[in-house]
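All of the numbers you see were taken from the coordinates with simple rules; none came from a lab. Model, not experiment: these values are computed from the prediction. Counting neighbours? That spans all protein chains shown, and the Cβs are built from the backbone with ideal geometry, glycine included.
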Amino acid sequence: MKLGRNIAITLICIILGAVLAWQYKSINYNQSALSFQNKRTEDLQDELIKLQKSNDDLSKRLQEVQDENKGYESAKAGDDIAAQNLLKELETARIFGGLIDVRGKGVIITLENGIDFNVRDDDILKVLNELRASDVQAMSVNEERIVAMTEVREAPPYIMINGRQMVPPFIIKAIGDPDKIQNSLNIINGVVEDLKAYINVSIKPSDNLSIAKVRDDGTVIKTDLLAPVK
Amino acid sequence: MKLKKNAYKFTIAFIILGIALSLQFRSIFIGSKQSSAGRLDTEKLITQIQAGLETEKQLKAEINQNLELKANLIKGYISDSQNDAILREWDSIMLKSNLTSVQGPGVEIKLDDAAARVNEDPSLLIIHDSDIRLVLNDLKKAGAQAISINDERITAVSEQVCAGPTIRINNNRYSVPYIIKAIGDPDKLALSIEQSERVVLMKKDNIRVDVKKDKTLIIPAFNNVNTYISGLEAVKDETR
């Protein structure tokens, strides 16, 4: 009798324990599933907000172009405003293409050989790419303006940029928002931290940077194979 | 007497069991209710994002149409003014600044992630911004005159940044496959890709790299110049 009772109680206790454990697991699981869902919802919300903002920008841009077009539509030969707009367009294009000297706020980044390692082509490419990602408007390396088809070629002991041989230090000038540039370069696990492991990197903001135009002698910007599409 | 003592013990055990069971049911019930509400939110967000992407596409198409119109209007205006020098200058500057759509011989490179396999580091199977960066540099070294990735014209300030599973180019995000078009000498460009150190490494990781030569590649113009160039002062003195 006593044995039977003990077995019964043991059995009940085992079931009770199993149920409790199951319960505990289930609550944990529900919580983690919920937090995953929340994370996903947050990500989607972020994405939506970004998309709405970029669509607002696009609408503004569309309005801008339409307004400009109205101006040109009504323009007649000798119209001063249209002529001025045209010159402005040309200037913007020249800035964008690197065909004119520019001045503005920005940063100066210096890359120098480390004790055991030299500056590599990809180090320079990485910095340029990070600068582009922080919305810079013009860049140069050792006074060579960076244009769309600028290459960085390793040819030890030199590095060649725009076909010109260079040796360290590499002085990279970039015009843009100095705070934004410094923040994105100095971010934890960012480019600067990465590069500092083997070469010397220094960053200095500047209020008045000038960046020279590209050498436009046909050696840097080649267009002989490009036919404009109408 | 013995039976009564047993019943007392069983009662306590069953009470605890009962409480545990009810707690469990509640947890499951609340959990499923919350997650279905969450799913509903998620679905709503996804629909909104899809609608937003559609608007984005339409806006971009409209902007491009208007930019084409603008180019024509400007050229019309210039020829009305009968100033051939300005017309030639206009054409040449727009071409050099990547603001003209261009056509020419070159190569089309398709990059796609490796097919998924188990038991391998997934970061080896996907294309990174560094891959794109180095491939572009190899094309530039081989004398490319114009490059686009998924029809985004590469300019002096075009970034290529990893953002999750996508890569951001000219502030727009793209996912695989990446179609890189480059105008230049097709043989030189194709050879540069074949011999590229990075491409060899990518192929070793089974990332798919297809190179196709083409005589008539079309690369679109960059179409968002005003957002990029703002508040930048040009130095007027062009004599130096």
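Out of the residues in the range A:131-147 that are surrounded by fewer than 24 Cβ atoms within 10 Å (Cβ to Cβ) and small (Gly, Ala, Ser), state the one that is nearest to B:ASN98 (Cα to Cα). Only one residue tops the list, namely A:ALA133. When you check A:GLN45 against the structure, is it polar (S, T, N, Q), touching a Gly at 6+ places or on another chain (Cβ under 9 Å), surrounded by 11 or more Cβ atoms within 10 Å (Cβ to Cβ) and assigned to a helix (DSSP H, G or I), yes or no? So A:GLN45 fails the test. Which residue is surrounded by the most Cβ atoms within 10 Å (Cβ to Cβ), if the candidates are limited to the range A:161-192 and must be part of a strand (DSSP E or B) and among the aliphatic types (A, V, I, L, M)? Once the filter is applied, the top-ranked residue is A:ALA174.
Residues in the range B:140-157 that are within 17 Å of B:LEU95 (Cβ to Cβ) and either touching a His at 6+ places or on another chain (Cβ under 9 Å) or of a type outside the set (Val, Ile, Thr) (or both): B:GLY143, B:ALA144, B:GLN145, B:ALA146, B:SER148, B:ARG153, B:ALA156. If the condition is being touching a Pro at 6+ places or on another chain (Cβ under 9 Å), closer than 28 Å to B:ALA190 by Cβ and without any contact (Cβ under 8 Å) to a residue 12 or more places away in the chain, then the range B:74-116 contributes only B:LEU95.
The condition (being crowded, with 16+ Cβ neighbours inside 10 Å, part of a loop (DSSP other than H, G, I, E, B), aliphatic (A, V, I, L, M) and more than 16 Å from the chain's Cα centre (by Cα)) is satisfied by just one residue among A:LEU225, A:LEU195: A:LEU225. The set of residues in the range A:205-222 that are more than 14 Å from A:ILE161 (Cβ to Cβ), touching an Asp or Glu at 6+ places or on another chain (Cβ under 8 Å) and outside any strand (DSSP E or B) contains only A:LYS213. Scanning the range B:49-91 for residues that are loosely packed, with under 14 Cβ neighbours inside 10 Å, polar (S, T, N, Q) and in a helix (DSSP H, G or I) turns up B:GLN50, B:GLN58, B:GLN65, B:ASN72, B:SER79.
In the range A:124-158, which residue that is within 14 Å of the chain's Cα centre (by Cα) and in a loop (DSSP other than H, G, I, E, B) is nearest to B:LYS96 (Cα to Cα)? Result: A:GLN137. Checked against the criterion of being more than 9 Å from chain A (Cβ to nearest Cβ) and surrounded by 19 or more Cβ atoms within 10 Å (Cβ to Cβ), the candidates B:ALA182, B:ALA163, B:ALA146 yield just one match: B:ALA182.
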